[in-house]
Amino acid sequence: MRKLLILALIALPVLILLTLPASVVVPRFDPPAALGQYSGTIWSGSARWRQVGQVPMRLEWRWAGGRQWRWTAFDAGSRLEGRWSPGSVLSLEDVRGQLDVARLDLAHWLRFSRPEGFLAFDLDRAELAEGQAPRVEGRLIWEEAALVGTIEESLGRIELVFTPQDNELLAELRSLEPAAVSVRGQIRFDAERYAVDLWLRARPDRPDLAAQLGTLGERQTDGQVRLQLTGGLGW
């Protein structure tokens, strides 16, 4: 009888831990305010990622052993997956999949045109820590890139390669194939702000497009347009 009682006392906390609802546990990790509608447990569950003007994305997770969880976020046009380890630093690994660019708030960068296409993720690691520059290793490719609005044109495929540096993160951009508009430049991130420095060039046989690109930035004597922006990261 005593042995059964001891086993019951040992098993009860484990049973509680295994079946504790995600709605009770997840909020204690201080998740983003956009995350809600939890279901399941911390070992296997789901939630909804709310975004203004967008259909919520479904987030699912499952324990992968040790201190790692596998997660998948998806909707009709996007699907991302990777690994997550809990801690004081938001740490994601092996982030793969695609995200519709419509989910990105780029109105400040492209005031008169709307981007189209999707981002193909190939990130080995992404870390966010308060008071530090983001740390990202890997690349994104803007597939089927295009602008719609004042400028309506295909941009082809654009690559962003991330390289962590001392106290900042560098993202280098370049066009991967010939297109009506070629893009090159970089984005730098520190702990609080970002700085964009992009160069856009229309094909020589598209003087009409060169004039339209001038609405995005500063026209150069060689026909290129330079787009420079800075702002706070907002986290």
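Taking segment 221-235 only, how many residues are in a loop (DSSP other than H, G, I, E, B) and loosely packed, with under 15 Cβ neighbours inside 10 Å? Steps first, answer last, please.
Looking only at segment 221-235, we keep the residues that are in a loop (DSSP other than H, G, I, E, B), and these are 221-224, 233-235.
Pick out the ones that are also loosely packed, with under 15 Cβ neighbours inside 10 Å and you get 221-223, 233-235.
The qualifying residues number 6.
Specify which of the listed residues (Glu177, Glu159) is acidic (Asp, Glu) and either part of a loop (DSSP other than H, G, I, E, B) or open to solvent by 30 Å² or more (accessible area, probe 1.4 Å) (or both).
Numbers: Glu159 fails: either part of a loop (DSSP other than H, G, I, E, B) or open to solvent by 30 Å² or more (accessible area, probe 1.4 Å) (or both).
Of the residues listed, the single one that is acidic (Asp, Glu) and either part of a loop (DSSP other than H, G, I, E, B) or open to solvent by 30 Å² or more (accessible area, probe 1.4 Å) (or both) is Glu177.
Working carefully through the options Ala145, Ala102, Ala126, find the one that is within 29 Å of Gly217 (Cβ to Cβ), outside any strand (DSSP E or B) and either small (Gly, Ala, Ser) or at pLDDT 85 or above (or both).
Numbers: Ala145 fails: outside any strand (DSSP E or B); Ala126 fails: outside any strand (DSSP E or B).
Among Ala145, Ala102, Ala126, only Ala102 is within 29 Å of Gly217 (Cβ to Cβ), outside any strand (DSSP E or B) and either small (Gly, Ala, Ser) or at pLDDT 85 or above (or both).
For Glu218, state whether it is within 22 Å of the chain's Cα centre (by Cα), of a type outside the set (S, T, N, Q) and open to solvent by 50 Å² or more (accessible area, probe 1.4 Å). First the steps, then the outcome.
Details: within 22 Å of the chain's Cα centre (by Cα): no; of a type outside the set (S, T, N, Q): yes; open to solvent by 50 Å² or more (accessible area, probe 1.4 Å): yes.
The answer is no for Glu218.
Does Gly131 qualify as being open to solvent by 30 Å² or more (accessible area, probe 1.4 Å), in the same structural domain as Asp105 (by the TED database) and touching a Ser or Thr at 6+ places or on another chain (Cβ under 8 Å)? Spell out the reasoning first.
Details: open to solvent by 30 Å² or more (accessible area, probe 1.4 Å): yes; in the same structural domain as Asp105 (by the TED database): yes; touching a Ser or Thr at 6+ places or on another chain (Cβ under 8 Å): no.
In short, no.
So if I check each of Arg188, Arg184, which one is under 19 Å from the mean Cα position of the chain (by Cα), under 21 Å from Ile141 (Cα atoms) and open to solvent by 50 Å² or more (accessible area, probe 1.4 Å)? Give the steps one after another, and end with the answer.
Working: Arg184 fails: under 19 Å from the mean Cα position of the chain (by Cα).
Sole residue among the options that is under 19 Å from the mean Cα position of the chain (by Cα), under 21 Å from Ile141 (Cα atoms) and open to solvent by 50 Å² or more (accessible area, probe 1.4 Å): Arg188.
Give me the pairs: first residue in segment 47-76 and under 14 Å from Asp100 (Cβ atoms) and in a strand (DSSP E or B), second residue open to solvent by 80 Å² or more (accessible area, probe 1.4 Å) and of a type in the set (Phe, Trp, Tyr), beta-carbon distance under 6 Å, and six or more apart or on different chains, which are they?
Met57/Trp49
So Leu213 passes all but one of these: (1) free of Cβ contacts under 8 Å to residues at least 60 places away in the same chain; (2) farther than 30 Å from Gln132 by Cα. Which condition number does it fail?
(1)
If we scan segment 196-208, do we find a residue that is assigned to a helix (DSSP H, G or I) and in the same structural domain as Val95 (by the TED database)? Even if it seems obvious, please write down each step before you answer.
Start the filter on segment 196-208 by keeping residues that are assigned to a helix (DSSP H, G or I), which leaves 207-208.
This time we only want the ones that are in the same structural domain as Val95 (by the TED database), so: 207-208.
Yes, segment 196-208 contains at least one residue that is assigned to a helix (DSSP H, G or I) and in the same structural domain as Val95 (by the TED database).
Exactly one condition in (1) of a type outside the set (Val, Ile, Thr); (2) crowded, with 16+ Cβ neighbours inside 10 Å; (3) under 16 Å from the mean Cα position of the chain (by Cα); (4) under 23 Å from Glu144 (Cβ atoms) is false for Gln54; which is it?
(2)
The values are calculated or read from the model by the stated rules, or taken from the named source; none is laboratory data. Predicted model only: the values in this text are computed from it and were never measured. Backbone-built Cβ (ideal geometry, glycine too); neighbour counts: all protein chains shown. Accessible surface areas use protein heavy atoms only, side chains included; no ligands, DNA or RNA. Shrake-Rupley method; radii C 1.70, N 1.55, O 1.52, S 1.80 Å.
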